[in-house]
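Only the coordinates and a few stated rules stand behind these numbers; no lab work does. Computed from a predicted structure; not experimentally measured. Cβ atoms come from the backbone with ideal geometry, glycine included; neighbour counts cover every protein chain shown.
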């Protein structure tokens, strides 16, 4: 029996064949779901899908696009919002 911390279903179980020929189970944390646009719910381009510990080592430029609403809206929805603001 594995230790209790590894019995959680939140961990990914991966079967790995060792050099000795036996098959062991390796446990790894799951990757988070991709960031999505707040308006249309499409996945955002330019926003990495990483765990928090890895995101902390990235620079601000690597974490999100450098444009208005970057990391919140996709480029198409951003253009629509800016054009709607200019019309008013």
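Remarks
- All helices (runs of 4 or more DSSP H) inside the chain with 1 or more residues being touching a helix residue (DSSP H, G or I) at 6+ places or on another chain (Cβ under 8 Å): 52-55, 60-63
- Qualifying residue in segment 13-22 (condition: touching a residue at least 12 places away in the same chain (Cβ under 8 Å) and surrounded by 10 or more Cβ atoms within 10 Å (Cβ to Cβ)): yes
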